[in-house]
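Encoded as structure tokens, the structure appears first; notes follow it.
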Amino acid sequence: MAATPRRIALTVVLLSGLALLSFVAGRVLRPQTETPPFPTGEIRIAVDASYPPFAVVQDAELAGFEIDLGSAIGARLGLPVRFVNISYDGLYDALISGQVDVVISQLLVNPLRMGDVRYTRAYFDAGLVLISSSATPIGSISQIPGKRLALEFGSAADAEARLWTRRVRPFEMRPYELTEYALDAVRLGEADAALTDAISARLYLRAHSEWNTHLAYVTQAPFAAAVALERASTWKAIENAISALMEDGTLDHLLSRWL
Amino acid sequence: MMVLGWCLSLLVPAAHRAPLQPQQTVLTEQPHTCVHTNLIDEVDEWKIQRSLQLVREMGATTIVEFFPWAYIERTEDVYDWSQADKIIRHSTNQGIRVIARLGLVPGWARPGDTTLNYFPEDAFPDFAQFAVDFATRYRDSIDHIIILNEPNLAFEWGFQTPNPARYVRLLQAVYQPLHRANPDVVVLAGALAPTLEPDGSPNGLDDLIFLERMYAAGAADYFDALAIHTYGFTEPPQAAPAPDVLNFRRAELLYEIVRQYDNAATPVYITESGWNDDPRWTKAVRPSQRIAYTLDALRWVEDEWDWAETFCLWIFRYPRPTGRYPDYFTLVTPEFQLKPIYSAVQAYARGWESEGALWLPPPAE
């Protein structure tokens with residue numbers, strides 16, 4: 001069929017109409033422009049300030065590693081930071097209801113929460129660690145049989161070690177009243193290794209910097225920041241800031257101030 | 001295709017069955033011993049049963065369990081009782097009494113951008129109807145119902161400022177209908193959070209002030225018993241109470257208010273208590289202290305608090321770890337590993353001899 005001038009004109013008109021319709025529909029149906037990452041002009045950070053040395057109230061002021069981390073994120077993004085002290089029970093609700101932009105409060109990544117929130121990369125691992133003398137290092141559960149393992153009675157380490165008794169050949173469990181005593185036991189030769197959480201271990205080793213030790217993680221408990229799922233730009237800003245703070249060594253520097 | 005689907009379905013492991021046992025009885029020398037459970041969030045029925053078996057073996061006669069309105073009546077007038085039925089069936093089978101706590105508002109009864117705790121006043125009649133349906137269904141099994149949790153906290157109202165008069169209006173909405181549904185029901189009010197938050201705080205209101213104002217608003221006519229939450233935090237159970245201190249014996253201050261208003265005719269149930277042994281939380285103690293304090297508290301209730309109908313420890317077990325301090329209130333891990341605190345409470349409740357020294361002496365420098 002030959003293309004007549006009239007047919008060509010009709011086609012042009014139709015295509016123009018379609019283009020116009022498409023443009024209008026696009027304007028109407030296009031998702032609204034994404035909310036800015038921090039619509040209030042500040043970063044509202046929820047913390048549960050009852051966890052030294054991560055966040056705690058000192059002389060009516062918030063202090064701790066996570067307070068420093070939040071402040072560093074604000075500095076990185078060029079925005080003021082406002083911390084909101086909320087007990088753990090209300091942290092996720094505060095995030096989901098939009099009262100805060102981000103939670104930085106020793107949150108473990110929880111798959112059941114992922115319908116509502118998105119986590120950043122982990123900024124600290126609070127898992128259980130084996131501490132032994134660097135002269136006789138013990139780096140894993142496979143080296144435990146036949147050894148003396150010190151731990152705090154009734155602690156998470158105690159529970160983990162009780163599980164080990166069913167998984168590996170016999171070893172001697174040496175329970176103490178305090179984690180510090182369990183670590184003392186290794187330092188003073190009463191035990192070959194201590195099993196404890198990474199935070200307790202780091203705090204103890206800060207106070208005994210002369211002791212050369214070997215530290216090996218045996219479980220993981222990664223702490224991450226959380227942002228409401230629909231706040232993609234907020235998550236990206238926080239994630240990028242934490243990554244940058246890791247890469248330039250700021251995170252390690254802040255950690256060393258507190259742990 | 002259907003045949004293939006059927007063949008694949010054969011590969012799915014069969015669910016663990018949880019057949020009822022012969023009727024069980026709790027053996028205990030401390031019948032006021034009780035524990036708060038979290039069975040409503042348990043997926044597997046056998047885990048509900050296993051939890052209740054362990055509660056019975058520990059020597060606890062009673063559990064407090066949460067039955068959320070938002071779970072059971074997810075759609076208006078459409079009820080899903082299946083999980084609640086399992087809990088009641090196995091509790092009854094183990095010989096354990098259930099104190100039910102009701103709360104959490106379904107989406108259809110509150111504005112769209114609110115949390116499960118947001119409770120608009122115009123939803124009170126709907127909640128009352130749910131409470132009546134609950135009390136009617138379980139009339140043969142449950143005689144104790146707690147209305148809401150910690151209503152003196154803003155969080156528990158979906159971040160609305162706590163208001164004692166509003167809570168009393170809720171009690172008023174449910175009280176008579178519940179009694180018509182089950183004449184034997186004991187309506188428990190309070191369950192207030194121990195807190196020192198002052199007037200005007202966005203977070204909550206001091207529990208002593210809140211209780212006083214409940215009575216001032218006419219609460220006495222709309223509840224039968226007071227539920228008390230009392231935690232020791234970092235203090236031993238013997239530590240003296242004071243209005244500006246949060247400790248175990250704060251319960252005595254709440255009881256004093258009850259006595260002022262009704263000459264102690266109102267029964268009191270300790271529905272939450274205990275110590276926490278998180279290694280970092282500022283309100284926690286060491287695991288060894290937790291055991292000692294908990295046993296001392298049990299003795300204290302037995303010797304000093306004859307007005308306490310129950311003494312419930314928070315909390316028996318979570319289906320999944322929270323990853324935070326709540327895990328350190330538990331007596332049993334999600335994997336059913338018994339913590340030393342479980343064994344200690346069990347020995348006390350059952351009248352068994354203690355195991356002797358549980359830890360070694362500190363190493364000498």
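Among DSSP bridges having both ends in chain B, what percentage is antiparallel? Round to the nearest 5.
Approximately 10 percent, going by the DSSP bridge assignments.
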Sites residue B:296 and residue A:246, calculated FRET efficiency, Cβ-Cβ separation with R0 35 Å, nearest 0.05:
0.15
From Cα coordinates alone, what are the radius of gyration and Dmax values for region B:212-341 in angstrom?
16.0, 47
0 to 90° range, to nearest 10: angle between helix A:198-207 axis and chain A longest Cα axis:
60 degrees
Can you list the HN-Hα couplings for region A:185-197, worked out from phi with the Karplus curve (6.51, -1.76, 1.60; θ = phi - 60°), rounded to whole Hz and with x for Gly and Pro?
4, 6, 4, 9, x, 7, 9, 8, 7, 10, 10, 7, 6
Quick one: 3J(HN,Hα) in Hz for region A:53-68, Karplus 6.51/-1.76/1.60 with θ = phi - 60°, rounded, Gly and Pro as x.
x, 7, 7, 7, 8, 10, 6, 6, 10, 7, 8, x, 4, 6, 5, 5
Please compute the contact order of chain A in relative form: average sequence separation of alpha-carbon pairs under 8 Å and at least six residues apart, divided by the residue count, as a percent.
25 percent
What is region B:242-347's relative contact order, in percent, from Cα pairs under 8 angstrom and six or more apart in sequence?
24 percent
Can you compute 3J(HN,Hα) from phi for each residue in region B:60-66, using the Karplus curve 6.51 cos²θ - 1.76 cosθ + 1.60 with θ = phi - 60°, rounded to whole Hz and x for Gly and Pro?
8, 8, 9, 10, 9, 10, 8
5 angstrom amide H check on residue B:36, placed H, neighbours 5+ away:
B:64, B:313, B:314, B:316
On the Cα set of chain B, report Rg and Dmax in Å, please.
21.2, 73
What is the Å³ per residue value for the convex hull set by the Cα atoms of chain A?
229 Å³
Expressed in nm², what is the orientationally averaged projection area of the convex hull enclosing the Cα positions of region B:19-161?
9.1 nm²
For region A:22-167: Kirkwood Rh in Å [reciprocal of mean 1/r, alpha carbons]:
19.2 Å
How large is the translational diffusion coefficient of region B:125-275 in µm² per second when you combine the Kirkwood radius over alpha carbon pairs with Stokes-Einstein at 37 °C and 0.692 mPa s?
208 µm²/s
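Local charge sum around residue B:228 (other residues, Cβ-Cβ under 14 Å, Lys/Arg +1, Asp/Glu -1)?
-2
Compactness ratio of region B:170-225: Cα Rg over 2.2 N^0.38 Å, N = residue count?
Rg over 2.2 N^0.38 Å, computed on Cα atoms: 1.31.
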Rounded to the nearest 0.05, what FRET efficiency do residue B:139 and residue B:265 give with R0 = 25 Å and r taken as the Cβ-Cβ distance? Could you check?
0.50
Pair residue A:35, residue A:135: separation of 7 Å Cα→Cβ label points (nm)
6.0 nm
Between residue A:42 and residue B:122, the FRET efficiency computed from the C-beta separation at R0 = 35 Å comes out, to the nearest 0.05, as 0.50
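Using the scaling law 2.2 N^0.38 Å as the reference, what is the normalised Cα Rg of the protein assembly as shown?
1.11
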Estimated Rh, region B:120-211: Kirkwood, alpha-carbon pairs, angstrom
13.8 Å
Just want to confirm a number: the relative contact order over region B:140-271, from Cα pairs under 8 angstrom separated by 6+ residues, in percent.
24 percent
Pairwise centroid distance, computed over Cα atoms, of region A:209-259 with region B:194-258, Å
40 Å
Contour minus Cα-Cα span, residue A:164 to residue A:253, at 0.36 nm per residue, comes to 28.5 nm
Gain in length, residue A:208 to residue A:233, computed as 0.36 nm per residue apart minus the alpha-carbon separation, to one decimal in nm?
4.7 nm
Take the Cα radius of gyration of region A:136-181 and divide it by 2.2 N^0.38 Å, with N its residue count; two decimals is plenty.
1.09
Chain A: most fluctuating residue of A:193, A:60, A:150 per GNM, C-alpha cutoff 10 Å:
A:60
P(r) weight above 21 Å for region A:118-237, C-alpha pairs, percent:
41 percent
How much net charge surrounds residue B:173 when only the other residues with a Cβ under 15 Å from the Cβ of residue B:173 are counted, with Lys and Arg +1 and Asp and Glu -1?
-2
Extending each Cα 7 Å along its Cβ direction at residue B:196 and residue A:85, get the distance between those two points in nm, one decimal.
1.2 nm
Just rank A:190, B:212, B:29, B:353, fewest to most, by other beta-carbon atoms within 10 angstrom.
B:353, B:29, B:212, A:190
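We did not get these values from a lab; they are worked out from the coordinates using the rules stated. Since the structure is predicted, the reported quantities are computational estimates derived from the model, not experimental observations. Positions of Cβ are backbone-derived with ideal geometry, glycine not excepted, and every protein chain shown enters the neighbour counts.
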